[in-house]
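The structure appears below as structure tokens.
Each reported figure results from applying straightforward, stated rules to the coordinates on display, with no laboratory input. All of these numbers come straight from a predicted model, not from anything done at the bench. With ideal geometry, Cβ positions are generated from the backbone for all residues, glycine too; neighbour counts draw on all protein chains shown.
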2 protein chains.
Amino acid sequence: MSDADSSADELVDIDFGHDGLVPAVAQDAETGEVLMLAFADREAVERTIESGTAHYYSRSREELWQKGKSSGHTQEIEEIRVDCDADAVLYIVEQEGGACHTGYHSCFHRKVTEGRPGAGDENTLPVETETVGEKVFDPDAVYDGEE
Amino acid sequence: MSDADSSADELVDIDFGHDGLVPAVAQDAETGEVLMLAFADREAVERTIESGTAHYYSRSREELWQKGKSSGHTQEIEEIRVDCDADAVLYIVEQEGGACHTGYHSCFHRKVTEGRPGAGDENTLPVETETVGEKVFDPDAVYDGEE
């Protein structure tokens, strides 16, 4: 394949859609592990670019959220990527401590071992899982109710 | 840290929320590269577990979508992970061809080099990008209007 234009600069409009949010994936710069998926609004992405530390928008608390502000488990930005449709972002980060509020390095620490097709109600799907991720801190010692 | 229970089996209810969808991240099993982000409904996750090949739900076409069905660029599932809140899934896959309909191996092939804070309207954020990903196929030769 020709990739003569592969290093071309391009102005991209990140598109926050009808709800003002894009999914934001965080990936460990060192290990490549996918750490978490959250959402970001325009302000969160701006702050992330400006500050070099990952910001998200908390849908439950309805506010800007600097990852690790209270826990110390910050994510220093190494690179930000946008996808082809410019409606999702990837933060490639140096993760301090663990990304997951349960104490694991990654929020994706459970592997599906078996499905239960047909079980559950319309909006849930029960699956058997096995915990495969690494626990790196004790959440009780770190959090007092907020991330 | 104690991780005595780290291999415990656990029944998890994947939660498809109010819109019936979870974000689904695909990651290359070999390189660790984050390939794409799409959405999956209950049926898509069930089919993915049963068939061993990645399925999503296309919000624009409003239908179940087997990745690569027409292009041949399928994603064979190596592992499925669920996150701590059970409202996002990670497909760890062997990617046939390229994941991105534009011909790149990953949809996240553009790196943000500079923000333009304050520019754009309420729902967009213009950013300067540089293409860093690898182009692996010619989309004109593969797609005739659908993925």
Pick from A:31, A:74, A:102 the residue whose mean-square fluctuation is largest in a GNM of chain A, springs joining Cα atoms under 10 Å. A:31
Highest GNM mean-square fluctuation, chain A, Cα pairs closer than 10 Å: which of A:80, A:92, A:14? A:14
Local electrostatic count, residue B:20, Cβ distance below 9 Å [Lys/Arg +1, Asp/Glu -1]: -2
Would you kindly work out, in nm and rounded to one decimal, the distances from the label point of residue B:130 to those of the same position in each other copy, ordered shortest first, with label points 7 Å along Cα-to-Cβ? 4.2
Inter-chain shielding of A:11-18 (mean C-beta neighbours from other protein chains, 10 Å cut-off): 6
Once you compute Rg and the Kirkwood Rh from C-alpha atoms, what is the Rg to Rh ratio for the range B:22-107? 0.93
Give, to the nearest whole percent, the P(r) tail of the range B:76-132 beyond 13 angstrom, counting all Cα pairs. 74 percent
Chain A: D in µm²/s via Stokes-Einstein (Kirkwood Rh, Cα pairs, 37 °C, 0.692 mPa s)? 193 µm²/s
Starting from 0 in steps of 10 Å, tell me what percent of the Cα-Cα pairs of the protein assembly as shown lands in each bin. 6, 28, 36, 24, 5, 0
Under the definition of Cα pairs under 8 Å and six or more residues apart, what whole-number percent is the relative contact order of chain A? 20 percent
